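Heads up, the thing below is written out as structure tokens.
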Amino acid sequence: MKYEPYARVALAADLPAHRLRHGDVATVVECHPGHPGQESGYTLEVFTAAGETIAVVTVRESQIEPLTSTEVLSVRALQSAA
């Protein structure tokens, strides 16, 4: 699936190095088309509920999923890095 810049997506995988978890919501900043036979990638920005940037990460397309109209957003405390 192709995601447009500024689309909101959910992480489909944990990113422990960035303290991010499956289901966290992020905003697409940039698309990185893959070479033939390679998966596309995306640069995402992740914010706190108050709008502060937590992380800017680059992920494979398989590590994100679209938000749907049947999902409800929630909040969680950001855990300290281990």
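Annotation note: of Glu39, Glu30, the sole residue that is touching a strand residue (DSSP E or B) at 6+ places or on another chain (Cβ under 7 Å), open to solvent by 50 Å² or more (accessible area, probe 1.4 Å) and either in a loop (DSSP other than H, G, I, E, B) or aromatic (Phe, Trp, Tyr) (or both) is Glu39. Output yes when any residue across segment 30-45 is of a type in the set (Gly, Ala, Ser) and touching a Ser or Thr at 6+ places or on another chain (Cβ under 8 Å), and no when none is. Yes, that holds for at least one residue.
Beta carbons closer than 9 Å, at least 6 apart along the sequence or on distinct chains, pair a first residue in segment 28-40 that is farther than 16 Å from Ala7 by Cα with a second that is among the polar types (S, T, N, Q) and surrounded by 12 or more Cβ atoms within 10 Å (Cβ to Cβ) for Pro33/Ser40; Gly34/Ser40.
Restricting the search to segment 62-77, which residues are among the aliphatic types (A, V, I, L, M), without any contact (Cβ under 8 Å) to a residue 60 or more places away in the chain and surrounded by 10 or more Cβ atoms within 10 Å (Cβ to Cβ)?
Residues satisfying the conditions are Leu67, Leu73.
Among the residues making up segment 42-61, those that are open to solvent by less than 70 Å² (accessible area, probe 1.4 Å), out of contact with any Gly (no Cβ under 8 Å at 6 or more places or on another chain) and in contact (Cβ under 8 Å) with a residue 24 or more places away in the chain are Tyr42, Leu44, Val46, Thr48, Ile54, Ala55, Val57.
The values are calculated or read from the model by the stated rules, or taken from the named source; none is laboratory data. All of these numbers come straight from a predicted model, not from anything done at the bench. Neighbour counts run over all protein chains shown; Cβ positions are idealised from the backbone, glycine included. The protein model used for the area step is the full one, side chains on, heavy atoms only, and it has no ligands, DNA or RNA in it. Shrake-Rupley method; radii C 1.70, N 1.55, O 1.52, S 1.80 Å.
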